[in-house]
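Since every read-out is calculated from the coordinates, none of them should be taken as a lab result. Predicted model only: the values in this text are computed from it and were never measured. Every residue, glycine as well, gets a Cβ built from its backbone with ideal geometry; the counts of neighbours run over all protein chains shown.
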Amino acid sequence: MNSMNQNELEALRILWERGESKPAEIQSHFSWPIENATLRSVLVNLVRKRHIGRRLQGKAFFYAARVPKATMLQTAMQTLARVFAGGSPQELVVQLMETSDIKAADLKLIRQTAAATPTKKHKGKSK
């Protein structure tokens, strides 16, 4: 995953949530004020990094995410696990739980999700 700044991540969040959008639509959904020229630079960088695509319709460009949210999340998690938890996603989750303000209801949801998630078999490893 190429290094991403806060504005790039916010633009991607908006495109994942809203789908294909024009720059003015993206700008109106930013969680903080962003100048038009700054947003256009952000979009150009995301196109260059191949995280989003654009198409011309009439005189307007429309932008859409090219990389699924789940793919970016998995890549980010792998990076965080490598840096903070010796490469172990499980250890990363444990550390997040130990250092976060997790409520009983949160733990219940985590347990339910874990129970409902099928175990993934790793290639080349036997159980």
Stretchable slack from Ser88 to Glu17, in nm (0.36 nm times residue separation minus alpha-carbon distance): 22.6 nm
Provide, for the chain, the number of lysine pairs with alpha carbons under 22 Å apart, each pair being eight or more places apart or on different chains. 6
Taking a crude spin-label model, label points 7 Å out from Cα along the C-beta direction, the Arg50 to Asn36 distance in nm is 3.2
Pulled fully out, how much extra length does the chain show between Met97 and Gln6, if you take 0.36 nm times their separation in residues and subtract their Cα-Cα distance? 30.4 nm
Over region 69-116, equivalent-ellipsoid semi-axes from the Cα gyration tensor in Å: 20, 14, 9
Expressed as a whole-number percentage, the relative contact order of region 6-65 with C-alpha contacts under 8 angstrom and at least six residues apart is 42
How long is the gain from Lys108 to Lys59 if the chain were fully straight, where each residue apart is worth 0.36 nm and the alpha carbon distance is subtracted? 12.6 nm
Extent along principal axes [Cα atoms of the chain; Å; largest to smallest]: 56, 37, 27
List the relative contact order of the chain as a percent without decimals, with contacts defined as Cα pairs under 8 Å and 6+ residues apart. 19
